[in-house]
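The values are calculated or read from the model by the stated rules, or taken from the named source; none is laboratory data. Just so we're clear, the structure is a prediction, and the values are computed from it rather than from any experiment. Methodologically, a virtual Cβ is constructed for each residue, glycine included, from the backbone with ideal geometry; neighbour enumeration extends over all protein chains shown. Heads up: the accessible areas ignore ligands, DNA and RNA and are worked out on the full protein's heavy atoms, side chains in. Shrake-Rupley method; radii C 1.70, N 1.55, O 1.52, S 1.80 Å.
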Amino acid sequence: MIKRFNLFFVFLFMCVFGNAQTIFTTPQNYQILKQNGQLKPKARYEFLTTGSSNLSNAQPNVKNNTSSFTPSAAKTTTNSSCQCMVSVDPTFTIVPMSNSFPPDYRNDDDYSASIPLGFNFCFYGTSYVSCFINNNGNITFNNGLFAFSAGGFPAGNASNFDTIMIAPFWGDVDTQGPLSGLVYYKKTPTALIVKWHNVGYYSSHDDKLNDFQLIITDGTDPILPNGNNVAFCYGDMQWTTGDVSPLGNVGGFGGIPATVGVNKGDHTNYVQIGRFNVNSSIYDGPYGANDGISFLDNKSYYFNTCGSNNNLPPIIQDATGGGSTCGDTIRICALGDTLVYTTSFLAPEGTQSVTIVGSAPTLGGSFVPLGIT
């Protein structure tokens, strides 16, 4: 009888609100809709949390309801000075998700209100001064985004479904598990750092955790190498998908893959580093749907999204010297020295190719590329 009542309530609710762009519901009914595959992909969901005596005694869905700052320890660290991960410290703030409860704002599929940046962020020639931080591993610029099944890029921008997006890892993040970390952010006059700190996956799973971070800047902040305004930074990455992925999921893997990249929202221009839905370090990408999540472990990617001609520069990875931050600087100490420099580049889009040219103008004729493959 209880199951019948729940299904009837959901059906009635959708009949009343189904034609509206914004759907108001309770956290409990949102979970029923999600589990039954009844969420409308282009709708905006907001939780009913005020003005009702039925909600006056509601308790936050948190395991550790304290106001003290107690971030969980990072699962992995790196000794490389080339890694861009920033440690969570008291200068960070837990992201205040709109439909969740302080102080921890543990949630599934929530998003912040619009957060002023305090600087101009250039994205495909458009300047943005605010953004929404979404629990599911991305930021958007027009609306908060609840979508937990990641679409591949490029994607078009639809009403109330913002795909003008920067996604270090767009997947079904769920911070309600007791061992899951939280989503933090930190602002400076010229940079925003957002960190999904050892977060779990739906439904409230914390047996596997992902540690990743996004940095965006005004293009001048020295936190990023010169000429870049976006960084994706990764610690230990252990899962790819939540329990209700439409194509099936087992233990954090399978189903619709998580997406890593940026998307202009015009269905044409994008950067896609990969789509990830399996375990291991196997990488079939950069644009496949069977990439191993361990490939991202301790990686750092830097790029410039400000190109008004929509053709963003290639992204360097795995450079000799410790990573893509430090690997773009080479010091040769004596005339006649020979250096074998090994790296690879990702073309921002799947149909593009990369041409490599070796030169060192400041060395003149003293520099001779012996060969480039």
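Per residue, how many Å² of accessible area does segment 139-190 show with a 1.4 Å probe?
That works out to 26 Å² per residue.
For segment 160-199, what does the alpha-carbon gyration tensor say about shape, rounded, prolate or oblate, given a ≥ b ≥ c as the root eigenvalues, a/c under 1.5 as rounded, and a/b over b/c as prolate?
Working: a/c = 2.68, a/b = 1.20, b/c = 2.24.
The shape class here is oblate.
Output wanted: per-residue J couplings in Hz (rounded whole) for segment 240-246, from phi through Karplus 6.51 cos²θ - 1.76 cosθ + 1.60, θ = phi - 60°, x for Gly and Pro.
Using θ = phi - 60°, the values come out as 10, 9, x, 5, 10, 4, x Hz.
Can you give the accessible area of M85 in Å² (nearest 10), computed on protein heavy atoms with a 1.4 Å probe?
That residue has around 50 Å² of solvent-accessible surface.
Please list 225-236, 343-354 highest first by mean number of surrounding beta-carbon atoms within 10 Å per residue.
The peptides rank, most packed first, as 225-236, 343-354.
Starting at the first residue of segment 205-218, write each ³J(HN,Hα) from the Karplus equation 6.51 cos²θ - 1.76 cosθ + 1.60 with θ = phi - 60°, in whole Hz, x for Gly and Pro.
3J(HN,Hα) across segment 205-218, in whole Hz: 7, 9, 6, 10, 9, 10, 10, 8, 8, 10, 10, 10, 9, 7.
Probe radius 1.4 Å, ligands and nucleic acids ignored: give me the carbon and sulfur share of the accessible area of segment 101-169 as a rounded percent.
Roughly 56 percent of what the probe reaches on segment 101-169 is carbon or sulfur.
Using a 1.4 Å probe on the protein heavy atoms, what percent of the accessible area of segment 182-253 belongs to carbon and sulfur?
It is 54 percent, rounded to a whole number.
Quick check: Cα centre of segment 232-279 to Cα centre of segment 85-125, how many Å?
When both Cα centres are located, 20 Å separates them.
Taking 7 Å along the Cα-to-C-beta vector as the label spot, tell me the V368-D266 distance in nanometres, rounded to one decimal.
4.5
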